Amino acid sequence: YHSRELSSKVERAPTTMMNADMDAVENQVELEEKTRLINQVLELQHTLEDLSARVDAVKEENLKLKSENQVLGQYIENLMSASSVFQTTDTKSKRK
């Protein structure tokens, strides 16, 4: 009986070792995939941070340009009101 039990254990040993090797390979592949995905997520986070910073910079520049446009618009309006070329003319008084 003991020899049959021993023989059975010896026969199962290679199968058990093969399963352990396969599990180790699967674990390695899974670990590499997780590492790849983590790196991809980190890269996407950095890209998102860069894009957010760029959007903030563009918003700031846009506000600055709007302000400058308002100043220039007011300046042009003042020039036009001060110039006789742009004054409204009364055509009736000129005809008389």
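The values are calculated or read from the model by the stated rules, or taken from the named source; none is laboratory data. The model shown is predicted, which means the values in this text are computed figures rather than measured ones. To get the accessible areas, we keep the full protein, side chains included, count just its heavy atoms, and leave off ligands, DNA and RNA. Shrake-Rupley method; radii C 1.70, N 1.55, O 1.52, S 1.80 Å.
Residues in region 40-82 that are open to solvent by 90 Å² or more (accessible area, probe 1.4 Å), within 10 Å of the chain's Cα centre (by Cα) and aliphatic (A, V, I, L, M): Leu44, Leu48, Leu51. Exactly one residue out of Ser3, Ser67, Ser52 is at pLDDT below 95 and part of a helix (DSSP H, G or I): that is Ser3.
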